[in-house]
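Working notes, structure below.
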4 protein chains.
Amino acid sequence: MRDACPWIERYLQVRAATLELAAPLSDEDCGAQSMPDASPVKWHLAHTTWFFETFILERYEEGFQPFHPAFRVLFNSYYNGVGDKHPRPQRGLLTRPSMAQVRAYRADVDARVSALAARAGSDAALAALLTLGLQHEQQHQELILTDVKHLLAQNPLAPAYLAQPAAQPGAVPAPVQAWQRFAGGLCEIGHTGDGFCFDNELPRHKVYVAPFELASRLVTNGEYLAFIESGGYRDPGLWLAEGWDWGRAQGIEAPLYWQRAGQGWSSFTLHGCQPLDLAAPVTHVSLYEADAYAHWAGARLPTEAEWEHAASDRRLQQMFGHCWQWTGSSYAPYPGFRPAAGAIGEYNGKFMVNQYVLRGASLATPPGHSRPSYRNFFPAGARWQFSGIRLAR
Amino acid sequence: MRDACPWIERYLQVRAATLELAAPLSDEDCGAQSMPDASPVKWHLAHTTWFFETFILERYEEGFQPFHPAFRVLFNSYYNGVGDKHPRPQRGLLTRPSMAQVRAYRADVDARVSALAARAGSDAALAALLTLGLQHEQQHQELILTDVKHLLAQNPLAPAYLAQPAAQPGAVPAPVQAWQRFAGGLCEIGHTGDGFCFDNELPRHKVYVAPFELASRLVTNGEYLAFIESGGYRDPGLWLAEGWDWGRAQGIEAPLYWQRAGQGWSSFTLHGCQPLDLAAPVTHVSLYEADAYAHWAGARLPTEAEWEHAASDRRLQQMFGHCWQWTGSSYAPYPGFRPAAGAIGEYNGKFMVNQYVLRGASLATPPGHSRPSYRNFFPAGARWQFSGIRLAR
Amino acid sequence: MRDACPWIERYLQVRAATLELAAPLSDEDCGAQSMPDASPVKWHLAHTTWFFETFILERYEEGFQPFHPAFRVLFNSYYNGVGDKHPRPQRGLLTRPSMAQVRAYRADVDARVSALAARAGSDAALAALLTLGLQHEQQHQELILTDVKHLLAQNPLAPAYLAQPAAQPGAVPAPVQAWQRFAGGLCEIGHTGDGFCFDNELPRHKVYVAPFELASRLVTNGEYLAFIESGGYRDPGLWLAEGWDWGRAQGIEAPLYWQRAGQGWSSFTLHGCQPLDLAAPVTHVSLYEADAYAHWAGARLPTEAEWEHAASDRRLQQMFGHCWQWTGSSYAPYPGFRPAAGAIGEYNGKFMVNQYVLRGASLATPPGHSRPSYRNFFPAGARWQFSGIRLAR
Amino acid sequence: MRDACPWIERYLQVRAATLELAAPLSDEDCGAQSMPDASPVKWHLAHTTWFFETFILERYEEGFQPFHPAFRVLFNSYYNGVGDKHPRPQRGLLTRPSMAQVRAYRADVDARVSALAARAGSDAALAALLTLGLQHEQQHQELILTDVKHLLAQNPLAPAYLAQPAAQPGAVPAPVQAWQRFAGGLCEIGHTGDGFCFDNELPRHKVYVAPFELASRLVTNGEYLAFIESGGYRDPGLWLAEGWDWGRAQGIEAPLYWQRAGQGWSSFTLHGCQPLDLAAPVTHVSLYEADAYAHWAGARLPTEAEWEHAASDRRLQQMFGHCWQWTGSSYAPYPGFRPAAGAIGEYNGKFMVNQYVLRGASLATPPGHSRPSYRNFFPAGARWQFSGIRLAR
């Protein structure tokens, strides 16, 4: 039984980390949905539990009985193979089940999964599902933070998610910016090694990369402010046509969460409203804005192959842990891509159209959840993620 | 000081009744907003408090300090004269202030208003504002019930607001239907007497009413079902053109909250999902549906003058306390109508376009809040109120 | 056979007048539709012909064969009793049938109706249908002008419909404005006499009218400009709530067709763009604007009963022939209103919701088509008709 | 002067071919716009003329005077560098200038360009602009056909653009389908040689292509019908998530222009409504449908690199001249892509987001306008182009 311990421990640790993210929040905070793209925290807590119940307990538990029969539909995100699903824009109307019931749901499923987890040492399929479920949980940990931030930002009281003080603006100066040159050539991208990866990172495959340069660090708030002040949002020549129309239609003049404050700017953060830190990487920009900025700076966005090819280079800073970095690559299957069989196969593949790949990891990404081959993806207009800019040329 | 007692008592009683309506609900239930037309219970609790704070404390309390400066905007419903207001469709995103804070807000304002209320015995203007505030509070008591019903109806779990059992379908048989004849002539409508009324019920004025007949009771669910089963929703000849388009665009085939259940029908109620009571008055129909039904039945809707003229007739049943009754009268100012000066004048007058008058009172109307001259009003497509049909010809 | 002559003559005269309106237009001009509310001229020409074909030839002509079987659907405006209809917003896509074919359609139907018209002298039902068809045709004559004006106004070239010069601004000074007092009382409105009227003008009925005053002339462009310049479009206190939202959402700051031109204003007219004539009646305002203006001027809009009651008063100027005058009365059936049997009954009755009555007649109304009991009606936001303001108080 | 002849001849020949496309159409046909994505024929005729006037005459003609000063805005499609532009959805409202005036515009510009064209023999920049203008004109020749087809398809009369009979269904049997294998490897794509290409085909660059197979011919209507009949439009498992939602929202159950006809299907064509030709390539499908079909068939769409790499293979049929072929490649700049300086640089680059590349050429593509490196592009939901499917695996 020794083998089982690491699985259970790992499982309970990840699950506990999720609950911890909800700790600073009231039940009311956990129930609201600020836009169709975002979900209530309570829904995240329940959906990640649903994932273990549906894909593990239902298969492995003898005499399986669902915790609540209606939850199969209520907390199904997008798996048509599992059946019906509650309409996404109405997740915020589910005042029942209560937070207390969802906590009970989590506790029940945790106990039952823990009872099975020991078997994972000798059952590779179970081990794979457990691992997937935990990686999935970690993805939702990041979404909890981005969705809570978006919700609190809609509130004129500008409440802080975290009470402790944020870093002082400028306390951490921006690293010096340099251009790092790469020879490229015929190289390989895609996951390699024994560790976990999502299906969309496979198969590892050859790709030809022309010589290129990558900025050694991310674009800062200060640099982005110069773009704004030089009229960047008013010059259609800098923008993709669709991006220009998008910005006009929505009256966009700065990154999401920026607000003019007297002579300067402030920005809404998880610590509440804060003076803009000019030295920190710019975040909460869309692909359209990232592309326009790059154009203005005489550069361009990297492709995902360039980014991954360069990811191991020591000279590059802020690759992981600051913000996701838009690439110019649309989200598409790698040559030879094969999604898993059954409903689990809907995890990634069916989203491979009209989205763009982001690389790296953000300050909201759980430790251990990032790697060079990781492919995050969002539509070109998405801004509520921690998304920033690294230039290429 | 004897005089003060009835004011304080009355004030505290109405205010307590509002809180009681929230008793069966969790904080989560109280925060959600199911559509822009409806408001969260928490918002109702805060807005009614804001009304007393803004229109009474601010004028009468020495050294007035607002409970919270941001509340002036957050809980302003539509009074431009008071200043900015939080966007209506975003009321459900105000997870802060919390329910606890809103309860504290109520308690604080209640204490301060109580301290002033004694003066109302000798200050007619204060007495009038206190009365208006309490009538306003009672209107929101009804809205709390209709809005909660709408919210819970969106939940696939179909939760009941009230645990106690509903009346058995058919337990109360429908009264016999008869046509009551009225000679009409030159008569008067509008409020009369010393009691309270809203400004839109004044001035009492002459109106000529041609001879007419009114149904002695409301249209029942059973009768409305016959309309459905005879194809009423599929025959454009029965409908106002706008009503026909409205029904087609929204796929409407029955009153709001009706659901097919096996061979029959059930209906979502404050007691949860219940078999349809064929003897009970039909409710949750729009003006369009009411008009089409009347057309089908060879009748028409009454005008508000007819309704009010007949309201004192003893032969008429179900005039008050079952459901609001659509009239064919658009909501318009009475001849000589004068709204109050200042922001309070926005209470009624500015809504007098593209709405229709409903008369009577519903099961959700607080006791003592109904009278023959009362003018309720909603757009022709509104269905979430307890709105029904009394025929005329 | 002597009797027949006036019918044929009258018929051909009205029909010819319609074609004359299309004379200044190219086939291209006649085919375009500038918004769903407006129709192409070609469609008007065909639909009025369809009216005679469907409601007269089909009933009275032996061995009736339709001119083209598809026209029954293509040129049906809104008569569900006749069957399917082409979607209104797509009328501008009907490049076939061509204008030439539609002219041929008119000629064919004209010949066939002329052959029948002689019978109208002895067949009252036929006479009534012929009369209705011609009144209908005249209504569309006015719509042709308002719809062409709207179409040409969308064109940056600002083309003139009429080549001849417009009246010089100020050439006709505004009459002196006075308030005319009316005692009101129990009076009658609705059509009376032997002449033609639409079903919505009947039955004539008693109505009680309180004493009132009516402005002796219409509000002028100059007076309306003063409202604009005093900030009328920026003061929510003057507006119906729905009107305020309407104006904000659409960025409305002046009547339709007004444009700032240097220091002053110009206005797009059937003669092209012209300097604003300050002495002429303001037109192309919505009910919302008319109501806000009246509020600003310390007055109100008349009810339709007031207007009709006063219509025979010689002291009142500009009652007919300048512009339609918004009333505060919603469009509703008169007591005892009975629409005609069959599809013809859809002519008026089914539109009696969420529209407001306009009285009078405009410069685009054909001679002989106006009378005191005439009820025109449009939604509160409509502006492309020649709609203006007469004040009451 | 001998040198000049070929330029003038070529110019006049292409320009005449455009006018010939309008020959079967009335002025009314030429003015209508069936949706914002499509343009009136008259607009195409004027815009292509505007292109020569703006980019050639304005630079090269001494004492240049525009044909009409307003045309600069009216017929600017999307060049922000040139200035304002008339809103795209309102192109169908431009009944002025008339077709006659637009023909005069064409004649005038043709004469003036012809007078300059001789210089192109010795002026490489002028030669390049002339060539670009003619290629641009040819692109609009194809759009004229797709836009006219879409317009006529909206007409219940289903008018034929071409009077002559269409090919008999099945008259041309489908070629045998085979899978052609390609070894791939490090290869080059992008335009090569001296001939004309658009900037988006450059620079030619290395790309690594894994081994793949390509279908020897296009998917036929008959094969696509089997997909429909097997429930392809009702199985979410076959679809990209966005494609599934797109199809549901629009009620899509077959390619554009297909209609059920008795037991079988017909299809609206430029020859009017015709029985579906089961042997012909399926066209008028979106990327979503193409991808779902490929999924159903156990295959996938080719990448644009695969397609171009294979394009010279003699075993492949129907590569050009039947229909454009969706690829799985999003439209993105080639490595090292540089748009032209000035407004001309807006031709292609700014559209490189959220569009997908189509390769090949259609029956509507003018002769001489196709080549292996040609990159056509449309959004994933576009269906009114002649777009079909070639499978890969």
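The values are calculated or read from the model by the stated rules, or taken from the named source; none is laboratory data. It should be emphasised that the depicted structure is a prediction, and the values quoted were computed from it without experimental measurement. As a convention, Cβ positions derive from the backbone with ideal geometry for all residues, glycine included, and neighbour counts pool all protein chains shown.
Whether a residue is basic (Lys, Arg), away from chain B (no Cβ under 14 Å), within 30 Å of residue B:234 (Cβ to Cβ) and within 27 Å of the chain's Cα centre (by Cα) was assessed, and residue C:103 does not pass this test. When the range B:323-334 is filtered for residues that are closer than 15 Å to residue B:360 by Cα and at the interface with chain C (Cβ under 7 Å from one of its Cβ atoms), only B:328 remains. Look at residue A:165 and say whether it is within 11 Å of another protein chain (Cβ to nearest Cβ), out of contact with any helix residue (DSSP H, G or I) (no Cβ under 9 Å at 6 or more places or on another chain), in a loop (DSSP other than H, G, I, E, B) and of a type outside the set (A, V, I, L, M). No: the conditions fail for residue A:165.
Which strands (runs of 3 or more DSSP E) does the range B:180-254 wholly contain that include 1 or more residues that are over 21 Å from residue B:389 (Cα atoms) and either touching a strand residue (DSSP E or B) at 6+ places or on another chain (Cβ under 9 Å) or within 14 Å of chain C (Cβ to nearest Cβ) (or both)?
Qualifying strands (runs of 3 or more DSSP E): B:185-189, B:205-209.
Between D:295, D:271, the distinction of being within 22 Å of the chain's Cα centre (by Cα) and either touching a residue at least 12 places away in the same chain (Cβ under 8 Å) or within 14 Å of chain A (Cβ to nearest Cβ) (or both) belongs to D:271 only. Sub-8 Å Cβ pairs linking a first residue in the range C:82-94 that is on the phi > 0 side of the Ramachandran plot to a second residue that is surrounded by 14 or more Cβ atoms within 10 Å (Cβ to Cβ) and in a helix (DSSP H, G or I), at least 6 apart or interchain, are C:83/C:72; C:83/C:73, ordered by first then second residue. Scanning the range D:121-164 for residues that are under 22 Å from residue C:94 (Cα atoms) and free of Cβ contacts under 8 Å to residues at least 24 places away in the same chain, which turns out surrounded by the fewest Cβ atoms within 10 Å (Cβ to Cβ)? Among residues in the range D:121-164 that are under 22 Å from residue C:94 (Cα atoms) and free of Cβ contacts under 8 Å to residues at least 24 places away in the same chain, the one surrounded by the fewest Cβ atoms within 10 Å (Cβ to Cβ) is D:156. When the range D:179-195 is limited to residues that are in contact (Cβ under 8 Å) with a residue 40 or more places away in the chain and out of contact with any Leu (no Cβ under 8 Å at 6 or more places or on another chain), the one that is nearest to residue A:334 (Cα to Cα) turns out to be D:184. Within the range B:335-344, identify whether any single residue is more than 11 Å from chain C (Cβ to nearest Cβ) and at pLDDT 95 or above, and answer yes or no. No: the range B:335-344 contains no residue that is more than 11 Å from chain C (Cβ to nearest Cβ) and at pLDDT 95 or above. Where helices (runs of 4 or more DSSP H) sit wholly within the range B:1-80, those with at least 2 residues that are assigned by the TED database to the domain that holds residue B:124 and of a type in the set (Lys, Arg) occupy B:4-22.
One line per residue, one yes/no per condition, for (1) among the basic types (Lys, Arg); (2) within 14 Å of another protein chain (Cβ to nearest Cβ); (3) surrounded by fewer than 20 Cβ atoms within 10 Å (Cβ to Cβ):
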| residue | (1), (2), (3) |
| --- | --- |
| C:10 | yes, no, yes |
| C:19 | no, no, yes |
| C:29 | no, yes, no |
| C:33 | no, yes, no |
| C:36 | no, yes, yes |
| C:51 | no, no, no |
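Filtering the range D:345-367 to residues that are without any contact (Cβ under 8 Å) to a residue 40 or more places away in the chain and either within 29 Å of residue D:166 (Cα to Cα) or surrounded by fewer than 20 Cβ atoms within 10 Å (Cβ to Cβ) (or both) leaves D:351, D:358, D:367. The set of residues from the range C:298-315 being assigned to a loop (DSSP other than H, G, I, E, B) and surrounded by 19 or more Cβ atoms within 10 Å (Cβ to Cβ) comprises C:299, C:301, C:302, C:303. Of the residues A:111, A:118, A:167, the single one that is among the small types (Gly, Ala, Ser) and surrounded by 15 or more Cβ atoms within 10 Å (Cβ to Cβ) is A:118. Within the range A:359-374, identify whether any single residue is at pLDDT 95 or above, farther than 19 Å from residue A:135 by Cα and of a type in the set (Val, Ile, Thr), and answer yes or no. No, because not a single residue in the range A:359-374 is at pLDDT 95 or above, farther than 19 Å from residue A:135 by Cα and of a type in the set (Val, Ile, Thr).
This table checks each residue for (1) surrounded by fewer than 18 Cβ atoms within 10 Å (Cβ to Cβ); (2) more than 17 Å from residue B:383 (Cα to Cα); (3) hydrophobic (A, V, I, L, M, F, W, C).
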| residue | (1), (2), (3) |
| --- | --- |
| B:203 | yes, yes, no |
| B:207 | no, yes, yes |
| B:230 | yes, yes, no |
| B:235 | yes, yes, no |
| B:240 | no, no, yes |
| B:244 | no, no, yes |
| B:249 | yes, no, yes |
| B:253 | yes, no, no |
| B:261 | yes, yes, yes |
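Can you say whether residue A:391 is touching a Phe, Trp or Tyr at 6+ places or on another chain (Cβ under 7 Å), in contact (Cβ under 8 Å) with a residue 24 or more places away in the chain, farther than 21 Å from residue D:244 by Cα and not basic (Lys, Arg), as far as the supplied structure shows? In short, no. The lone criterion from (1) part of a loop (DSSP other than H, G, I, E, B); (2) over 21 Å from residue A:29 (Cβ atoms); (3) not aliphatic (A, V, I, L, M) left unmet by residue B:86 is number (2). Pairing residues of the range D:55-76 that are surrounded by 14 or more Cβ atoms within 10 Å (Cβ to Cβ) with residues that are hydroxyl-bearing (Ser, Thr, Tyr), at Cβ distances under 8 Å and at least 6 apart in sequence or on separate chains, gives D:67/D:105; D:68/D:105; D:71/D:105; D:72/D:54; D:75/D:49; D:76/D:54. Being within 13 Å of chain D (Cβ to nearest Cβ) and farther than 20 Å from residue D:288 by Cα is the filter here, so list the residues in the range A:358-381 that pass it. Once the filter is applied, which keeps residues that are within 13 Å of chain D (Cβ to nearest Cβ) and farther than 20 Å from residue D:288 by Cα, the range A:358-381 yields only A:381. Hey, any hits in the range D:95-102 for a residue that's touching a residue at least 40 places away in the same chain (Cβ under 8 Å), touching a helix residue (DSSP H, G or I) at 6+ places or on another chain (Cβ under 7 Å) and not in a loop (DSSP other than H, G, I, E, B)? Taking every residue of the range D:95-102 in turn, at least one turns out to be touching a residue at least 40 places away in the same chain (Cβ under 8 Å), touching a helix residue (DSSP H, G or I) at 6+ places or on another chain (Cβ under 7 Å) and not in a loop (DSSP other than H, G, I, E, B).
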